[in-house]
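The values are calculated or read from the model by the stated rules, or taken from the named source; none is laboratory data. Predicted model, so just to flag it, every value in this text is computed and none were measured. Note that each Cβ is placed from the backbone with ideal geometry, even for glycine, and that neighbours are counted across all protein chains shown. Heads up: the accessible areas ignore ligands, DNA and RNA and are worked out on the full protein's heavy atoms, side chains in. Shrake-Rupley method; radii C 1.70, N 1.55, O 1.52, S 1.80 Å.
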Amino acid sequence: MFREVFFNKWILGGYALAILFGIGCYFWYQHQLAPYKRNAAESAEAARK
């Protein structure tokens, strides 16, 4: 019974979609933070000089 539910093609498709969505959110988050990280590194370098 549980095997049929957890290995249903719709359930597996939902798992795959959730994983892809999570990976996409992670890369979007990293892309959004990149300018701020670069600015912080430049500020730290300028403060060090």
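Among the residues of the stretch 21-29, is there at least one that is among the aliphatic types (A, V, I, L, M), assigned to a helix (DSSP H, G or I), open to solvent by 60 Å² or more (accessible area, probe 1.4 Å) and without any contact (Cβ under 8 Å) to a residue 12 or more places away in the chain? Scanning the stretch 21-29, I find at least one residue that is among the aliphatic types (A, V, I, L, M), assigned to a helix (DSSP H, G or I), open to solvent by 60 Å² or more (accessible area, probe 1.4 Å) and without any contact (Cβ under 8 Å) to a residue 12 or more places away in the chain, so the answer is yes.
Taken as a whole, the structure leaves Ala16 outside the set of residues that are in a helix (DSSP H, G or I) and loosely packed, with under 10 Cβ neighbours inside 10 Å. When Leu33 is tested against (1) modelled with pLDDT of 90 or more; (2) exposed (fewer than 10 other Cβ atoms within 10 Å of the Cβ), exactly one condition is not met: (2).
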